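All remarks here apply to the structure that follows.
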Amino acid sequence: MQNRVLLVEDDEELRELLARYLSNQGFDVREAANGRDGLALALGQDCDIVVLDIMLPDMNGLEVLRSLRSETHLPVVLLTARGDETDRIVGFEVGADDYIPKPCNPRELVARLQALLRRIAWDQKSEVNGTREYGDLRLETANRRIYQNGEPLELTATEYEVLQVLLAHAGSVVRKTDLMQWALGRRLEAYDRTLDMHISNLRKKLGNDDPPRIETVRGLGYSYRVPL
């Protein structure tokens, strides 16, 4: 079965180029030239993953993402202006799973999409009825949800991946290079703050404990501390 990708991009030339490349790589591509049409298609559950440009003519990509996150955990990869770190930070805060700067390499886009979809599919296949508890958190692998004190945490697909890896190694240090590979499916590159942004978002959603339950181990990585 082909993975369905929704490509929301107002630049017609770029959209056609990416759509053609994605189709050649086995994706079933849906297209939208503006945010409102893209949002409608995404909410209509007509896709498995979304590639979303931030700069759109009607409602911008961040508005689309906010609306999506109020209704769905559909994985979203943002297309951002190269060098614009503010857009990337806000995108992760709103709920993006990953980003690629424009102009983007179609091959890299395909690799990112495949890695994200593989992680989701693998989790859905493994430990179908698995439930684990870590203090006030309960991990349910069957529906890819994590609950805190019985209430579901509203996590993006990537935040879920990061947190479940840390929970699986609770009390131990997970190196940043390993966490990047296991949770995001790619190597840690110099100056790439993607993982740091996801950790920051998770800390906020978990309640900003003091000391933080996700601890930074300088020069190594991160460790999850199960609250007493």
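The values are calculated or read from the model by the stated rules, or taken from the named source; none is laboratory data. Just so we're clear, the structure is a prediction, and the values are computed from it rather than from any experiment. Cβ coordinates were reconstructed from backbone atoms using ideal geometry, including for glycine residues, and neighbour counts include every protein chain displayed.
Listing for the model above:
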{"item": "Test: residue in segment 209-220 that is surrounded by 15 or more Cβ atoms within 10 Å (Cβ to Cβ), under 23 Å from V110 (Cβ atoms) and not assigned by TED's automatic domain parsing to the domain that holds L113", "result": "no"}
{"item": "Close pairs (7 angstrom Cβ cut-off, 6 or more residues apart or separate chains): under 17 Å from M55 (Cβ atoms) in segment 11-35, part of a strand (DSSP E or B) anywhere", "result": "R15/L7; R15/E31; L18/L7; E31/L7; A32/L6; A32/V8; G35/V8"}
{"item": "Checklist (1) touching a Phe, Trp or Tyr at 6+ places or on another chain (Cβ under 7 Å); (2) modelled with pLDDT of 90 or more; (3) not in a helix (DSSP H, G or I) applied to M197, failing item", "result": "(3)"}
{"item": "Number of positions in segment 183-208 that are surrounded by 17 or more Cβ atoms within 10 Å (Cβ to Cβ), hydrophobic (A, V, I, L, M, F, W, C) and within 16 Å of the chain's Cα centre (by Cα)", "result": "6"}
{"item": "Candidates Y160, Y147, filtered to the one that is surrounded by 15 or more Cβ atoms within 10 Å (Cβ to Cβ), at pLDDT 90 or above, touching a strand residue (DSSP E or B) at 6+ places or on another chain (Cβ under 8 Å) and part of a helix (DSSP H, G or I)", "result": "Y160"}
{"item": "Sole exception among (1) in contact (Cβ under 8 Å) with a residue 40 or more places away in the chain; (2) more than 15 Å from the chain's Cα centre (by Cα) for V51, by number", "result": "(2)"}
